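A short worksheet on the structure shown next.
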Amino acid sequence: MFIDEVIIELNAGRGGNGCMAFRREKYVEMGGPFGGNGGHGGNIIFEADEGLNTLIDLRYKKIYKADSGAHGEGKGCNGKNAEDLIIKVPLGTVITDTDTNLIIGDLIKKGDRVIAASGGRGGRGNMAFATRANPAPAFCENGEPGESKKVKVELKLLADVGLVGLPSVGKSTFISRVSAAKSKIAAYHFTTLTPNLGVVKTKDGRSFTVADLPGLIEGASLGEGLGDKFLKHIERTRVIAHIIDMSAFEGRDPYEDYIVINKELENFDKKLIDKPQIVIANKMDLPNFKENLEEFKKKVDCDVFSISAETGEGIDIVLTKLADILDATPKEPLYEEEKFESHVLYKFKEEQPFRVYKDGDVFVVTGDEIERLLKMTWFASDEAFMRFSRKLRKLGIDDKLKEMGIQEGDIVRILDYEFEYKD
Ligand SMILES: Nc1nc2c(ncn2[C@@H]2O[C@H](COP(=O)(O)OP(=O)(O)OP(=O)(O)O)[C@@H](O)[C@H]2O)c(=O)[nH]1
Ligand SMILES: [Mg+2]
């Protein structure tokens with residue numbers, strides 16, 4: 001089965017907690033802090049793998065979780081970093097954050113990798129907090145939670161040439177003749193239900209890839225027939241080979257067919273109609289071909305290549321022409337840089353640092369930074385609590401609370417943690 005789009009949830013690993021410990025040695029009266037740091041949580045990474053050609057492996061598993069880092073230990077031992085979770089996908093896979101609609105990665109070459117969800121930092125052990133002013137800190141940090149997000153994983157086949165046309169015009173017969181691809185051929189409509197890739201070699205030794213696509217009909221962009229869901233696979237192709245049944249075997253008008261298909265391409269995406277297109281008149285071995293071709297040529301102002309996919313006549317000329325156009329058409333990235341997450345300035349992505357509002361008598365504080373800080377604070381220690389309070393002041397949350405009229409003893413809530421306010 002061919003699956004080219006899935007939505008999955010990623011939960012990267014949490015960082016390990018830091019450790020609170022003190023040195024205990026014989027003959028040493030007061031040992032110093034000796035707690036190690038937690039290990040890094042596992043990242044979730046997508047990797048392009050040549051051996052795959054569908055996203056079917058991602059179909060049934062909806063949630064991916066990477067391991068947490070190990071906790072730090074006494075004697076200054078740092079916890080181990082967790083292993084990254086690697087998800088293998090076919091070449092041509094695009095990964096998009098469903099919240100922001102920004103692209104995390106477009107994996108094109110074998111071995112391309114992208115970190116889609118980062119594991120959390122390990123919490124620091126008390127050893128890491130020792131300063132001259134506080135040589136024996138009695139607190140440590142919890143590990144940072146890993147990133148969580150939903151992503152759309154989409155395959156957009158990598159092919160140089162995309163074959164388009166109405167059903168039964170001979171697209172699959174063509175690809176089967178020019179490559180080793182085994183596309184099903186039959187006299188009924190919609191024989192081909194999923195895209196197929198083939199590698200073509202021209203007589204003069206050039207090579208390119210061709211994608212055979214399911215047939216399009218009028219209204220495909222509105223969901224008629226198999227709809228236009230396969231057209232995304234020609235977004236990456238550099239040249240469109242438009243095949244027309246010039247024998248009008250089924251009683252259609254070839255010129256009308258030509259207009260219908262181009263309209264569907266344009267409806268799907270204007271960029272498709274701007275791609276170089278070659279028009280291939282197929283079934284020249286059948287009667288009526290000649291008259292129809294004459295008529296057709298009068299109405300269009302492009303080159304038309306006559307072939308018979310069945311007998312092979314005219315095919316070498318078409319392949320040479322395709323190779324020439326490909327040589328003259330630069331490979332362009334599918335997406336502009338601005339669509340990628342990494343090109344968006346961080347501050348635009350980050351939400352407001354914090355927000356304070358009242359829920360009845362309770363003062364509620366929200367915000368990325370403060371929430372992360374809370375999750376990393378080890379509240380069993382007074383020192384850690386003090387440190388957290390200092391951060392509240394530093395971030396300006398304290399001032400905001402005062403401005404809103406907080407009184408000593410009022411309740412402040414952050415996530416599911418509540419504490420009494422003290423000035
Ligand atoms: N006589 C003749 N018949 C052809 C030629 N090319 C294809 N056919 C026949 O046309 C019919 C449809 O061919 P396919 O290659 O399956 O057509 P398709 O465009 O892939 O069709 P869908 O997958 O349904 O969109 C089959 O019966 C083929 O044998 C040709 O050049 N000459
Ligand atoms: Mg077909």
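The values are calculated or read from the model by the stated rules, or taken from the named source; none is laboratory data. Keep in mind the model is a prediction, meaning the values are calculated, not measured. Positions of Cβ are backbone-derived with ideal geometry, glycine not excepted, and every protein chain shown enters the neighbour counts. Calculation scope for accessible area: heavy atoms of the full protein, side chains included, ligands and nucleic acids excluded. Shrake-Rupley method; radii C 1.70, N 1.55, O 1.52, S 1.80 Å.
Scanning segment 241-254 for residues that are within 16 Å of ligand 2 (Cβ to nearest atom) and within 41 Å of the chain's Cα centre (by Cα) gives Ala241, His242, Ile243, Ile244, Asp245. Here segment 23-51 is the region considered, the condition is being of a type in the set (A, V, I, L, M, F, W, C) and modelled with pLDDT of 90 or more, and the residue that is surrounded by the most Cβ atoms within 10 Å (Cβ to Cβ) is Ile44.
If I ask for residues that are part of a loop (DSSP other than H, G, I, E, B) and either more than 7 Å from ligand 1 (Cβ to nearest atom) or of a type in the set (Lys, Arg) (or both), which ones from segment 191-201 would you list?
Result: Leu193, Thr194, Pro195.
Would you be able to say whether some residue in segment 57-73 is outside any loop (DSSP other than H, G, I, E, B) and under 24 Å from Leu373 (Cβ atoms)? Yes, some residue in segment 57-73 is outside any loop (DSSP other than H, G, I, E, B) and under 24 Å from Leu373 (Cβ atoms). Filtering segment 145-190 to residues that are within 16 Å of ligand 2 (Cβ to nearest atom) and either under 30 Å from Gly123 (Cα atoms) or part of a strand (DSSP E or B) (or both) leaves Val161, Gly162, Leu163, Val164.
Pro330 passes every criterion in (1) open to solvent by 80 Å² or more (accessible area, probe 1.4 Å); (2) outside any loop (DSSP other than H, G, I, E, B) apart from (2). Residues in segment 195-206 that are within 25 Å of Gly92 (Cα to Cα), surrounded by fewer than 17 Cβ atoms within 10 Å (Cβ to Cβ) and in contact (Cβ under 8 Å) with a residue 24 or more places away in the chain: Arg206 alone.
Looking across segment 271-299 at every residue that is within 40 Å of the chain's Cα centre (by Cα) and assigned to a loop (DSSP other than H, G, I, E, B), the one that is farthest from ligand 2 (Cβ to nearest atom) is identified as Pro276. In this structure, Pro214 does satisfy being within 14 Å of ligand 2 (Cβ to nearest atom) and open to solvent by less than 40 Å² (accessible area, probe 1.4 Å).
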